[in-house]
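Chemist: Let me begin by handing over the structure; questions about it come next.
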Amino acid sequence: MVLTCSLSNCKAAEPIPVIDTVQKPTTPALPTKTSSQLVNSQATPSTKNLFTYLTNQYGRKVISGQQDDVEYVLEKTGKEPAIGAFDLIDYSPSRVQYGVTPSRSSEAIINWAKKGEGRGIVSLCWHWNAPTDLINQAPDKLWWSGFYTRATTFDLTATLADKNGERYKLLLRDIDTIAVQLQKFQDADVPVLWRPLHEAPGGWFWWGAKGPGPFKELWQILYNRLTSEHQLHNLIWVYTGTDALAQDWYPGDQYVDIVGLDIYADSAADLNNNWISAQTQFNGKKLVALSETGNLPNPDKIRGVGTWWSWFAVWTGTDWIKKQPLDLLKAAYSDNDVITRDELPNWRLP
């Protein structure tokens, strides 16, 4: 008890209550559950069941993935990624004409998915070499870099404006060529997390060089031709933005099942900020995945700030997955909140 005094009197004051200003830590909000309905109503049973599994896991655990170097991860951790991410780049006709053969064929990818009990999940991107107009000049415009804007004069806007023109026919030829490969996966009952036309907002690939309008038209052409013309119903459509998810590039809810982010920044804060940005736009609407990253996410930070990506996939090679600290790699692949291939259920069953 304290005393309060004035010139005229002195009296006992009421006890002053002590207010606890220490705030208890808050649990990060989980992403809102999304619909398990695919944009393609004719999706195969296995494709529907895989997507249902993804939606059921969302916000609970993160699925591990690796671009190409799945064997490296297995060698170093004793665990295999649940998702094998691969590239159809070398099936592009303007690469085939130079005698390229795929370093990992569609058949090899299918075998990876089907081995054991066939629970491996496949993700495919396509570094689409421009259909024509490759510059093919040293040092950085050679034919094999023809998916880069700098290495081709192929003009998407002009091509789409002339649908009777030769370049538009070549555009469709390329799509039809890739459809042949995707058909192999459907025939083998292997669903695909299909991630075409990725990172368009960056502008460094020709399909994004002319802005969002031509890009979205190309996305719709690709979707309709693969789905309707080629009757490919094993594709889960993943729109992949850059670290800034500009809304004007988004193809539309009717053409997208999952939203992916390709983030190569070193800072965990960058991952967190981009997660928040994606949730602002897509929470409750679409799953959000870390579809490419240069840095393995730390499970402790995933829990701490609530960045519950549907999956992550670290990019391939010595500059990316092979530079990750082995202690972090082993810790991530043994973490209870990271799903590895051996922990996948038989998602093919309803």
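The values are calculated or read from the model by the stated rules, or taken from the named source; none is laboratory data. Remember, predicted model here, so these are calculated numbers, not experimental data. All Cβ positions, glycine included, derive from the backbone under ideal geometry; neighbour counts span all protein chains shown.
Chemist: Against the definition (touching a residue at least 60 places away in the same chain (Cβ under 8 Å) and either part of a strand (DSSP E or B) or surrounded by fewer than 18 Cβ atoms within 10 Å (Cβ to Cβ) (or both)), how does residue 184 come out, yes or no?
Modeler: Spelling it out, residue 184 is indeed touching a residue at least 60 places away in the same chain (Cβ under 8 Å) and either part of a strand (DSSP E or B) or surrounded by fewer than 18 Cβ atoms within 10 Å (Cβ to Cβ) (or both).
Chemist: Here's a follow-up. With 251, 212 as the choices, which residue is more than 18 Å from residue 124 (Cα to Cα), touching an Asp or Glu at 6+ places or on another chain (Cβ under 7 Å) and at pLDDT 95 or above?
Modeler: Going through 251, 212 in turn, the sole match is 212.
Chemist: Hey, could you check region 288-337 for residues that are among the acidic types (Asp, Glu), over 14 Å from the mean Cα position of the chain (by Cα) and not in a helix (DSSP H, G or I) and say which is surrounded by the most Cβ atoms within 10 Å (Cβ to Cβ)?
Modeler: Applying the filter and picking the extreme gives 335.
Chemist: Can you confirm whether residue 142 is in contact (Cβ under 8 Å) with a residue 40 or more places away in the chain, over 26 Å from residue 235 (Cβ atoms) and either of a type in the set (A, V, I, L, M) or buried (at least 18 other Cβ atoms within 10 Å of the Cβ) (or both)?
Modeler: Against the criterion (in contact (Cβ under 8 Å) with a residue 40 or more places away in the chain, over 26 Å from residue 235 (Cβ atoms) and either of a type in the set (A, V, I, L, M) or buried (at least 18 other Cβ atoms within 10 Å of the Cβ) (or both)), residue 142 does not qualify.
Chemist: Does region 308-315 contain at least one residue that is out of contact with any Cys (no Cβ under 7 Å at 6 or more places or on another chain) and free of Cβ contacts under 8 Å to residues at least 40 places away in the same chain?
Modeler: No, that holds for no residue.
Chemist: Something else about it: Mind telling me which of the residues 254, 231 ends up being on the phi > 0 side of the Ramachandran plot and either in a helix (DSSP H, G or I) or out of contact with any strand residue (DSSP E or B) (no Cβ under 9 Å at 6 or more places or on another chain) (or both)?
Modeler: Among 254, 231, only 231 is on the phi > 0 side of the Ramachandran plot and either in a helix (DSSP H, G or I) or out of contact with any strand residue (DSSP E or B) (no Cβ under 9 Å at 6 or more places or on another chain) (or both).
Chemist: Out of all the residues in region 33-41, is one or more more than 20 Å from the chain's Cα centre (by Cα), surrounded by fewer than 20 Cβ atoms within 10 Å (Cβ to Cβ) and more than 30 Å from residue 280 (Cβ to Cβ)?
Modeler: Taking every residue of region 33-41 in turn, none turns out to be more than 20 Å from the chain's Cα centre (by Cα), surrounded by fewer than 20 Cβ atoms within 10 Å (Cβ to Cβ) and more than 30 Å from residue 280 (Cβ to Cβ).
Chemist: Here's something else I'd like to know. Out of (1) over 19 Å from the mean Cα position of the chain (by Cα); (2) part of a loop (DSSP other than H, G, I, E, B); (3) over 15 Å from residue 193 (Cβ atoms), the odd one out for residue 347 is which?
Modeler: (3)
Chemist: Same structure again: On the given criteria, is residue 111 out of contact with any strand residue (DSSP E or B) (no Cβ under 8 Å at 6 or more places or on another chain) and at pLDDT 95 or above?
Modeler: Here the answer is yes, as residue 111 does meet what is asked.
Chemist: Out of the residues in region 145-179 meeting the condition of being closer than 13 Å to residue 226 by Cα and in contact (Cβ under 8 Å) with a residue 60 or more places away in the chain, tell me which one is surrounded by the fewest Cβ atoms within 10 Å (Cβ to Cβ).
Modeler: 173
Chemist: Could you tell me whether residue 210 is of a type in the set (Lys, Arg), under 25 Å from the mean Cα position of the chain (by Cα), surrounded by 14 or more Cβ atoms within 10 Å (Cβ to Cβ) and assigned to a helix (DSSP H, G or I)?
Modeler: So residue 210 fails the test.
Chemist: If you don't mind, there's one more thing I want to ask. For region 90-139, which positions are aromatic (Phe, Trp, Tyr) and free of Cβ contacts under 8 Å to residues at least 60 places away in the same chain?
Modeler: 98, 112
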